[in-house]
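Student: Got a structure here, written out as structure tokens. Questions coming.
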Amino acid sequence: GRLPVYVDFGTLHTTHGRALTFATGIKLAKPRLKVITVMGDGDAIAIGGNHLIHAARRNIEITSFIINNQVYGMTGGQCSPTTPCGVKTTSSPYGNPEPDFDICRLTEAAGAAFVARSTVYHTRLLDRLVVKALKKKGFAIVEVVSQCPIYWRWMGLDSPAEMMKWQKDNSIPVGKARELGEAELKGKIVTGVLVDRERPTYHEE
């Protein structure tokens, strides 16, 4: 929600969970514009989940960045759809009973033309993925796995810096991940370009 303060181009701060509906309207009205959305895991996958699925399915030319800190960090530290199963949060004091969504698999299955993931620790990789996503024709998404500077305790860690170290120690490049089994990848963050395919865009159709 604060990102428009730091960038130097036209921005629109919309209703929570509705970034992609506003972005779709802008792209349909003015196809020449480069349209970008920035969302958290809560509004992208929970209240805005249906919009995410259909934007990917339609292959509307929007570049989407989902900042995933795996918790509702701005409203009290409650479970989000990406909170790992079993983790204690303010809304799951006995442990989250629900399985978590894999954002990249969800958007791949829905039809996104470009799907990638990085962490905020891996800044150089993230830079490269941002550039690729912005250049991609069609619906492009980059999941950015982020630390939460306030609710880091829910991960059982000692500080926000420990969350960054956790990202470093638990990330695996996509090339190496393809050589590992599902059991070996459990709890790991697979980074890099996961999907890059050509599809006719909504406007072309």
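Student: Taking the stretch 14-42, which residues are assigned to a loop (DSSP other than H, G, I, E, B), surrounded by 12 or more Cβ atoms within 10 Å (Cβ to Cβ) and under 19 Å from the mean Cα position of the chain (by Cα)? Steps first, answer last, please.
Tutor: If we filter the stretch 14-42 for residues that are assigned to a loop (DSSP other than H, G, I, E, B), which is where we start, we get 14-18, 30-34.
If we keep only those that are surrounded by 12 or more Cβ atoms within 10 Å (Cβ to Cβ) as well, we get 14, 16-18, 31, 33.
Across the stretch 14-42, the qualifying residues are Thr14, His16, Gly17, Arg18.
Student: Among what's in the stretch 180-189 and is part of a loop (DSSP other than H, G, I, E, B) and modelled with pLDDT of 90 or more, pick the residue that is most open to solvent (accessible area, probe 1.4 Å).
Tutor: Step one: filter the stretch 180-189 for residues part of a loop (DSSP other than H, G, I, E, B), giving 180-181, 186-188.
From what is left, the residues that are modelled with pLDDT of 90 or more are 180-181, 188.
Numbers: Leu180: 51, Gly181: 32, Lys188: 80 Å².
Among residues in the stretch 180-189 that are part of a loop (DSSP other than H, G, I, E, B) and modelled with pLDDT of 90 or more, the one most open to solvent (accessible area, probe 1.4 Å) is Lys188.
Student: Restricting to the stretch 1-13, and then to whatever is free of Cβ contacts under 8 Å to residues at least 12 places away in the same chain and in a helix (DSSP H, G or I), can you tell me which residue is nearest to Ala140 (Cα to Cα)? Full working, then the answer.
Tutor: Restricting attention to the stretch 1-13, the residues satisfying the condition of being free of Cβ contacts under 8 Å to residues at least 12 places away in the same chain are 2, 4-11.
From what is left, the residues that are in a helix (DSSP H, G or I) are 4-6.
On the way: Pro4: 20, Val5: 23, Tyr6: 22 Å.
Among residues in the stretch 1-13 that are free of Cβ contacts under 8 Å to residues at least 12 places away in the same chain and in a helix (DSSP H, G or I), the one nearest to Ala140 (Cα to Cα) is Pro4.
Student: So which of Leu129, Leu180 ends up being over 16 Å from Asp41 (Cβ atoms) and in contact (Cβ under 8 Å) with a residue 60 or more places away in the chain? Lay out the reasoning, then the answer.
Tutor: Numbers: Leu180 fails: in contact (Cβ under 8 Å) with a residue 60 or more places away in the chain.
Matching residue, one of Leu129, Leu180: Leu129.
Listed here are the residues, each with its yes/no results for (1) modelled with pLDDT under 90; (2) not polar (S, T, N, Q).
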site	(1), (2)
Cys104	no, yes
Glu108	no, yes
Val131	no, yes
Tyr151	yes, yes
Ser159	yes, no
Ala177	no, yes
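Student: From the residues in the stretch 163-179 that are more than 12 Å from Ser146 (Cα to Cα) and part of a helix (DSSP H, G or I), which one is most open to solvent (accessible area, probe 1.4 Å)?
Tutor: Going through the stretch 163-179, the residues more than 12 Å from Ser146 (Cα to Cα) turn out to be 169-179.
Now narrow it down to the ones that are part of a helix (DSSP H, G or I): 169, 174-177.
Numbers: Asp169: 80, Val174: 27, Gly175: 42, Lys176: 118, Ala177: 8 Å².
Going through the qualifying residues, I end up with Lys176.
Student: Only residues in the stretch 27-51 that are farther than 15 Å from Thr63 by Cβ count as the first member; pair them with residues that are in a loop (DSSP other than H, G, I, E, B) and of a type in the set (Val, Ile, Thr), Cβ under 6 angstrom, at least 6 apart or cross-chain, and list the lot.
Tutor: From the stretch 27-51, the pairs are Asp41/Thr82.
Student: Suppose we filter Val142, Val130, Val115 for residues that are out of contact with any Gly (no Cβ under 8 Å at 6 or more places or on another chain), of a type in the set (A, V, I, L, M) and closer than 25 Å to Thr75 by Cα; which single one remains? So that I can check it myself, show each step before the final result.
Tutor: On the way: Val130 fails: closer than 25 Å to Thr75 by Cα; Val115 fails: closer than 25 Å to Thr75 by Cα.
Every option except Val142 fails the conditions.
Student: Right, something else. For the stretch 109-125, give me the residue count where each residue is under 17 Å from Ala177 (Cα atoms) and not hydrophobic (A, V, I, L, M, F, W, C).
Tutor: Narrowing the stretch 109-125 to residues under 17 Å from Ala177 (Cα atoms): 115-119, 122, 125.
Add one more test, that the residue is not hydrophobic (A, V, I, L, M, F, W, C), and what stays is 117-119, 122.
Looking only at that region, the number is 4.
The values are calculated or read from the model by the stated rules, or taken from the named source; none is laboratory data. Keep in mind that what you see is a predicted model, and the values were worked out from it rather than measured. Virtual Cβ from ideal backbone geometry, glycine too; neighbours counted across all protein chains shown. We work out accessible area using only protein heavy atoms, side chains counted, and drop any ligands, DNA or RNA first. Shrake-Rupley method; radii C 1.70, N 1.55, O 1.52, S 1.80 Å.
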